[in-house]
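> There's a structure below that I have some questions on.
Read-outs throughout are calculated quantities, based only on the coordinates presented, and are distinct from any laboratory measurement. Being a predicted model, the structure only gives us computed values, none of them experimental. Here the Cβ is made from the backbone with ideal geometry for all residues, glycine too, and neighbour counts use every protein chain on show.
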Amino acid sequence: MMTIQKQAQNMGGVIKLWAIPVADYTIAQKSLTIVSDDNMVEICIQEDSGSFTEEDISGSAFKTEILGQVPCDHPDSQAIIRQMERTLKYNVILLDGNGNYKLAGTKNVPLRFSARQSTGSTTASLNHYAIAFLAKVITSRAIFIDDPFQ
């Protein structure tokens with residue numbers, strides 16, 4: 001008999017993201033090695049704005065979506081986002097509320113990046129970039145990896 005165990009912690013949310021081009025890392029089992037971080041982007045997202053979803057769409061294909069809000073419209077952020085929009089395709093390392101790292105996307109099917117800048121009509125509305133990484137048909141789920149930054 002198989003059992004899905006109750007986990008000691010179950011903190012939701014995506015805390016931090018790193019977008020990495022597929023050529024800039026290697027992976028063996030759970031060990032991801034960053035070959036070059038020149039084109040890698042560390043993305044600090046607004047608290048409680050990050051989400052990660054995977055949907056089984058055919059038994060062997062998945063729709064993967066990672067969303068977050070980058071607070072504040074700033075010239076430095078804008079320049080990096082423009083560069084990411086030109087590169088367009090990344091795999092994403094994400095850190096969740098339990099301290100787990102996952103790699104979303106594969107070498108063959110990276111995630112597509114998009115961003116939308118928005119400011120609400122009131123001072124309570126946040127000025128931010130809504131970012132998304134999406135793959136509509138990917139052949140594997142995101143995988144747990146060891147901390148790639150140790």
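> Starting from the Cα of Lys30, draw a straight line to each of the lysines and keep only those under 17 Å, dropping any in the same chain fewer than 8 residues away.
Excluding near neighbours in sequence, the set is Lys102, Lys107.
> Something else now. Report the full-extension gain for the segment Met1 to Gln150: residue separation times 0.36 nm, less the Cα-Cα distance, to one decimal in nm.
Difference between extended and current length: 50.0 nm.
> Take the alpha-carbon positions of the chain, form their convex hull, and give its projected area averaged over all directions (one quarter of the hull surface) in nm².
Averaged projected hull area, Cα only: 11.1 nm².
> Right, something else. Can you give the calculated 222 nm mean residue ellipticity of the chain, where each DSSP H run of n ≥ 4 adds -39,500 (n - 2.57) and the sum is split over every residue, rounded to the nearest 500 deg cm²/dmol?
Taken over the chain, the calculation gives -2500 deg cm²/dmol.
> Next question, about the same structure. Note down the nm distance, to one decimal, between modelled labels 7 Å out along Cα→Cβ at Arg86 and at Asp48.
Each label point is offset 7 Å from its Cα along the Cβ direction, giving 3.7 nm.
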